[in-house]
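Below: one structure, written as structure tokens.
The values are calculated or read from the model by the stated rules, or taken from the named source; none is laboratory data. Note that this is a predicted model, so its numbers are computed, not measured. Virtual Cβ from ideal backbone geometry, glycine too; neighbours counted across all protein chains shown. Accessible surface is based on the protein model in full, side chains and every heavy atom, while ligands, DNA and RNA are left aside. Shrake-Rupley method; radii C 1.70, N 1.55, O 1.52, S 1.80 Å.
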Amino acid sequence: MPFPHIDPIALQIGPIAIHWYGLMYLAGFGLAWLLGRWRIQHHPVPEGLTLRDLEDIIFYGVLGVVLGGRLGYVLFYKFDDYLAHPLSIFEVWQGGMSFHGGLIGVILAMLYFARKRGQPLLAIGDFIAPLIPLGLAAGRLGNFINGELWGRPTDLPWGMVFPGAGDGTPRHPSQLYEMGLEGFALFALVWWFARKPHPTGQVGAVFLMGYGLFRFLVEFTREPDNFLGLLAGGLSMGQLLSLPMILAGLALFIWAAKRSSPAPTR
């Protein structure tokens with residue numbers, strides 16, 4: 001299948017270009033705000049969370065995603081290059097964001113918010129976890145429109161020839177796989193799980209396990225970064241970063257269950 005040529009610039013106003021990828025980020029945060037409003041009205045976790053708190057969470061979350069995503073890309077993917085040219089770290093228009101770095105940034109931002117509001121961090125995590133996946137879906141759609149982060153070669157009927165690959169080889173549209181799994185499927189899983197009360201921390205744990213597992217699987221169809229290739233055990237950097245997420249989510253889920261269990265009678 002030929003790649004559908006979509007202009008990455010959604011709107012041009014004089015010298016100002018509005019890119020689809022940037023609009024996808026706005027859509028992601030907008031969806032998080034709408035879902036957050038619904039959760040506050042129907043399932044407030046933690047109790048007493050207000051719409052003003054939601055606005056602060058979104059603001060800190062934006063900072064965490066942008067700063068953490070950029071620094072994560074620098075540290076995890078191109079540390080030597082940026083060490084040699086440190087000023088290029090600020091050239092964000094050249095691309096380069098890491099989900100795993102953005103996640104760390106969001107966790108740190110939520111830690112700051114939780115301490116500022118006197119709320120438990122795990123409860124804040126349980127609140128925001130269901131708000132994230134649809135934003136991830138929007139981001140992967142932005143990757144597809146840009147024709148970037150394409151998949152490995154395939155002979156399947158839906159394989160696409162991405163112009164940026166430069167070899168005319170049909171490849172997995174792995175961005176769409178990620179949109180479906182890390183976005184829609186993960187949203188359905190976490191939203192469904194969060195509908196009923198669970199020990200504090202388990203909703204966030206399900207998100208960590210779900211994203212880590214879906215990302216690990218999709219990476220088998222995604223072309224590794226050409227400057228890294230496959231690493232230890234034939235795994236990609238995305239897979240190596242996802243494994244700790246799965247283990248951390250599993251440990252948190254078990255710990256939360258044990259913490260909420262009544263003490264045995266002696």
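For the stretch 176-198, the residues whose backbone nitrogen is under 20 Å from a point 7 Å from the Cα of GLN41, taken along Cα to Cβ, are 191-192, 194-196. A 1.4 Å probe run over the protein chains yields, for the chain, 54 Å² of accessible area per residue, whole-number rounding. For ASN226 and LEU247, the difference between the fully extended length at 0.36 nm per residue and the C-alpha to C-alpha distance is 4.8 nm. Could you check which residue among PHE99, PHE227, PHE193 shows the biggest mean-square fluctuation in a GNM of the chain with a 10 Å Cα cutoff? Looking only at PHE99, PHE227, PHE193, the largest GNM fluctuation is found for PHE227.
How big is the charge dipole of the chain about its Cα centre, in debye rounded to the nearest 20, if each Lys and Arg gets +1 on its Cβ and each Asp and Glu gets -1 on its Cβ?
1160 debye
Spin-label pair LEU108-ARG195: with each label point 7 Å from Cα along the Cα-Cβ axis, the two points sit 3.7 nm from one another.
Suppose R0 equals 41 Å. What FRET efficiency, 1/(1 + (r/R0)^6) with r the Cβ-Cβ distance, do ALA185 and ARG115 give to the nearest 0.05? About 0.80, to the nearest 0.05. Rg over Rh for the stretch 1-154 works out to 1.02, using Cα positions for both radii and the Kirkwood form for Rh.
At 222 nm, what value in deg cm²/dmol follows for the chain if DSSP H runs of at least 4 each add -39500 (n - 2.57) and the sum is divided by all its residues, to the nearest 500? That comes out to -18500 deg cm²/dmol. Comparing THR221, THR200, THR50 in a Gaussian network model of the chain, where Cα atoms under 10 Å apart are tied by springs, the biggest mean-square fluctuation is seen for THR50. In this structure the amide hydrogen of ARG222, modeled in the peptide plane, comes within under 5 Å of the amide hydrogens of ARG152, none closer than 5 places in sequence on its chain.
Structural descriptor for the chain: relative contact order 19 percent, calculated from alpha carbon pairs under 8 angstrom and at least 6 residues apart.
Calculate log10 I(q)/I(0) of the stretch 119-233 for q = 0.11, 0.14, 0.16 Å⁻¹, where I(q) comes from the Debye formula with a single equal point scatterer on each Cα and nothing for solvent. Treating every Cα as an identical point scatterer, log10 I(q)/I(0) equals -0.44, -0.64, -0.77.
Residues whose amide H lies under 5 Å from that of ALA10, counting only those 5 or more places away or on a different chain, are ILE18, HIS19, TRP20; hydrogens are built 1.01 Å from N in the peptide plane. Remark: the stretch 66-76, residue by residue, has Karplus-estimated 3J(HN,Hα) of 5, 5, x, x, 5, 5, x, 5, 4, 6, 8 Hz, where x stands for each Gly or Pro and the curve is 6.51 cos²θ - 1.76 cosθ + 1.60 at θ = phi - 60°. Taking amide hydrogens as placed 1.01 Å from N in the peptide plane, the amide H of PHE3 sits under 5 Å from those of VAL161, each at least 5 positions away in sequence or on another chain.
Selection among PHE214, MET110, GLY168 by position relative to the dipole of the chain gives MET110 as farthest towards the positive end (Cβ unit charges, Cα centre).
Using semi-axes √(5λ) of the Cα gyration tensor in Å as the read-out, say which of [x] 50, 22, 18; [y] 33, 22, 19; [z] 34, 25, 15 was calculated from these coordinates. Among [x] 50, 22, 18; [y] 33, 22, 19; [z] 34, 25, 15, the one calculated here is [y].
About the Cα centre of the stretch 149-238, how large is the charge dipole given +1 on each Lys and Arg Cβ and -1 on each Asp and Glu Cβ? Please answer in debye to the nearest 20. Mind showing how you got there, number by number?
Values: 6 positive and 7 negative charges, 82 e Å.
Approximately 400 debye in magnitude.
With θ taken as phi - 60° and the Karplus curve 6.51 cos²θ - 1.76 cosθ + 1.60 applied, the whole-hertz 3J(HN,Hα) list for the stretch 225-240 is 4, 5, 8, 10, x, 8, 10, 4, x, x, 9, 7, 4, x, 6, 5 Hz, x standing for glycine and proline. When the chain is treated as a Gaussian network with alpha carbon springs shorter than 10 Å, the biggest mean-square fluctuation among GLY28, GLY234, GLY139 belongs to GLY234. Distance between the C-alpha centers of the stretch 48-92 and the stretch 197-239? Whole Å please. Centre-to-centre (Cα) distance: 19 Å. What the phi angles of the stretch 128-134 give under the Karplus curve with 6.51, -1.76 and 1.60, with θ = phi - 60°, is a coupling list of 7, 3, x, 7, 7, x, 5 Hz, glycine and proline written as x.
Taking the protein heavy atoms of the stretch 152-266 in the context of the full set of protein chains, the accessible area attributed to carbon and sulfur is 68 percent at 1.4 Å.
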